[in-house]
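Report on the structure given below.
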Number of protein chains: 2
Amino acid sequence: MSNRMMVRYRVQCPPEAIEARAQALAIEQSIEMPVQAVRDTRVRAEVLGQVAAIEPTVGPGDAFEVTLALAAETVGDEPGQLMNMLFGNCSLQPDVELLDAVLPPSMLTALPGPRFGIEGWRAAVGDGAAGRPLSCAALKPQGMSAHALAALAYVLARAGIDVIKDDHGLADQAAAPFAQRVPAVQQAVERANREKAAADGALAGHRSLYAPSLSGGPERLSAQLRIVHAEGVRAALACPMIIGVPAFVELLRAHAGVPLLAHPALAGHARIGAPLLLGRLFRLFGADATIFPNWGGRFSYPRTTCLAIAECARAPLGSHAPALPVPAGGMSVERVDEILDDFGADTMLLIGGDLLAAGDAMAARAAAFAARVARATRARETTDD
Amino acid sequence: MSNRMMVRYRVQCPPEAIEARAQALAIEQSIEMPVQAVRDTRVRAEVLGQVAAIEPTVGPGDAFEVTLALAAETVGDEPGQLMNMLFGNCSLQPDVELLDAVLPPSMLTALPGPRFGIEGWRAAVGDGAAGRPLSCAALKPQGMSAHALAALAYVLARAGIDVIKDDHGLADQAAAPFAQRVPAVQQAVERANREKAAADGALAGHRSLYAPSLSGGPERLSAQLRIVHAEGVRAALACPMIIGVPAFVELLRAHAGVPLLAHPALAGHARIGAPLLLGRLFRLFGADATIFPNWGGRFSYPRTTCLAIAECARAPLGSHAPALPVPAGGMSVERVDEILDDFGADTMLLIGGDLLAAGDAMAARAAAFAARVARATRARETTDD
């Protein structure tokens, strides 16, 4: 089985039919044709998916966890084809959910994984970030001019926020085209960084990073990367399920040269386990940090799912660097301590609207957010002593 | 509202909360921050999503159909950003399904639509295909050599199948790399076409098309397109939700130069209406034909959904050419007449495993399939007279 990935699905099915249903799923996700029509003995032995286990699930209704052993050779070295073999056709079958996938070492090696990982984020922020969680805020709403977004970024950077990202809704619209917005925001953040460096206080030496949202087809993405490089931008955001996993890997992981923040837009298949997709797979595709909707916000992932996403982002995985989990989605400054208790220091906290809603008090609230992220860690270290 | 798209969602929500829930959805799919924190009056008036209608749905449970008016300027001219604004964040909210989207004329014009459309497929097959449905078969299983797949393609082409597509699982794996497979299969199909042209029978002048499966990131796709062009390949298959909608539009629609067949792999979000995604949106992105799982096969879309997909693929839509609906997914030769009764002549029928399962009788069964597709139409025309 060393050349097979072990893929676990939840299948709604009555007990008397589950063996046949599992076998049909193994065919669907491999050769996709009647087995008896396959004359090539190598294909039957080495390419056809195998049912490795069928286990009843706990809970209401007739459901089973089916583990398939799918041949690594059906994927080759292409990450889009991995998505295809994991959930391509059976995404259309409502009785099937994709729960988990364990890849053999050869496949782990073939996927790029994070280029910078958790330590790369901290190094980019500066020495003061060693061992502590990171703070992140968002530039929005879309519809504002590049100038107005840059002014907002300046305030957030001056307040000490570590990572200032474009809202994922900021693309290349007329109100703030990428080619205007990114230089303007980057220069505003750099000005704030210079002022902090010259200051004689807690923020001396702190470097805020701007992560613009990259979007569009290959030509547009390539043009955006040229701007990122020309302007000295030090991070980037993208939505792998919108630009496509293959483009995320082949263009951004390979050529961005800065830490990548993955956004989950359009990833809510509801039937792919969030820890697998947002945690393990996005990391394997090269995300250095992965945003997910934390419990208690505008989205309804339960706490256990959120903790499992973080675990998948950070747990040992071949030789790949860990990625930063980024709990988000309606978080508030008041919840910082509680969120850090949940997720620990290897975490980036993203608070968007709660800062912006403060109006004239936004700068103070952003500074309180940034300070609380650092303080919470010092308190924990003190407790640990 | 002429610069807004009207987007319809199904939202699970108790009646007393639906107004607030609909308003929250309008914010989520536009500015994504508290409205009171938006000081820019233009953003509030022109960018913020608006709740246009809330209607109770028929059926069990508390659910409503919510129609949002979302500003076209939040999308700009980028098809990935259209997916983002339609269902990016709310794909993560399990109480929301995306049902439908009606785009204003400016957005319809900005999207490419099919380059060849239904008539382009018929023209590519040859004069004998005028006014009739088309037949399609699949090369599989993956794991076979390029040579073996070419031999299979020859038999299907000689039998008179109109379009011979790669299984969507055929990517660029070691068993049959794209650069070996596509020239071998194309040459086999051309040999069959030459023999049919020289023959003095029903198939004289019939041209089978080979549609290889294009996959991977931009560099790999571009290399595959070079092979497609060099070998004189006359059609292509791709999975928009795997390679990414932006790459489908920017690379394939713009540069393939042959009719495009869209495959629904990974499109089973279950919470995006299949008629919208597989019918209207894939067509707007440039698909000349769209494959979907027909009712009664291995997948469980109901008949009404399948007919609605076909309707979305063919109904008037700005100035865009219609796309061919391609019912598929466990269809059999015996069902040809019934499927054509459902879908009519502007249809491509895809039968895969049922042909391959015939073993030594495959050539005869493929010929029967091809002949029945043509015969069914003649019978209908006779009836119409």
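Read the figures in this text as sums done on the coordinates, not as results from a lab. Note that the coordinates shown come from a computational prediction; the quantities given were computed from them, not determined experimentally. Cβ placement follows ideal geometry from the backbone for every residue including glycine, while neighbour counts extend to all protein chains displayed.
In table form, for the structure just shown:
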item	result
Size-normalised alpha-carbon gyration radius of the stretch A:4-110, reference 2.2 N^0.38 Å	1.05
Assigned charges on the beta-carbon of Lys, Arg, Asp, Glu; the stretch A:117-384 dipole about Cα centre (debye)	200 debye
Averaged over B:289-300, number of beta-carbon atoms from partner chains that fall within 10 Å	2
Charge-dipole axis of the stretch B:82-219 as Lys and Arg at +1 and Asp and Glu at -1 on Cβ define it, positive-most pick from B:Leu86, B:Ser213, B:Leu149	B:Leu149
Normalised per residue, the volume of the convex hull around the Cα set of the stretch A:117-384 (Å³)	121 Å³
Binned Cα-Cα distance frequencies in the stretch A:66-118 - 10 Å width, integer %	20, 50, 24, 5
A:Glu46, A:Glu65, A:Glu334 arranged by Cβ crowding within 10 Å, fewest neighbours leading	A:Glu334, A:Glu46, A:Glu65
Values of log10 I(q)/I(0), in the order q = 0.11, 0.17, 0.19 Å⁻¹, for the stretch A:64-211 under a Debye, Cα-only, solvent-free model	-0.66, -0.92, -1.00
Coordinate range along principal axes, alpha carbons of the protein assembly as shown, Å, largest first	92, 57, 53
Principal axis dimensions, the stretch A:205-321 - Cα atoms, whole angstrom, descending	42, 37, 33
Identity and axial distance of the chain B residue whose Cβ lies nearest the axis relating B to A, Å	B:Gly244, 1
Compactness of the stretch A:157-275, expressed as Rg and Dmax over alpha-carbon positions, Å	15.5, 52
Positive-end residue of B:Ser30, B:Val43, B:Pro14, charge dipole of the stretch B:4-110 with Cβ unit charges	B:Val43
The protein assembly as shown, dipole about Cα centre (Lys/Arg Cβ +1, Asp/Glu Cβ -1), debye to the nearest 20	1240 debye
Residue exposure sequence - A:Arg122, A:Arg115 - by fewest surrounding Cβ within 10 Å	A:Arg115, A:Arg122
Whole-number D in µm² s⁻¹ for the stretch B:253-385, Kirkwood Cα-pair radius fed into Stokes-Einstein, 10 °C, 1.306 mPa s	102 µm²/s
Given charges at beta-carbon only (K, R positive; D, E negative), |dipole| of the stretch A:165-273 in Debye	140 debye
All lysines inside 27 Å of B:Lys196 as judged from Cα atoms, apart from same-chain residues fewer than 8 positions distant	B:Lys140, B:Lys165
Surrounding net charge for B:Gly59, when Lys and Arg each add one and Asp and Glu each subtract one, Cβ distance under 12 Å	-1
Modelled FRET efficiency - R0 60 Å, B:Ala223 with B:Arg44, Cβ distances, 0.05 increments	0.80
Residues A:Met83, B:Met6, sorted so that the one with the fewest Cβ neighbours within 10 Å comes first	B:Met6, A:Met83
Fluctuation leader among B:Asp288, B:Asp342, B:Asp360 - chain B, Gaussian network, Cα springs under 10 angstrom	B:Asp360
Sum of side-chain charges, A:Phe178 neighbourhood, beta-carbon under 12 Å (Lys, Arg +1; Asp, Glu -1)	-1
Positive-pole candidate from B:Ala358, B:Val182, B:Gly273, dipole of chain B, charges at beta carbon	B:Val182
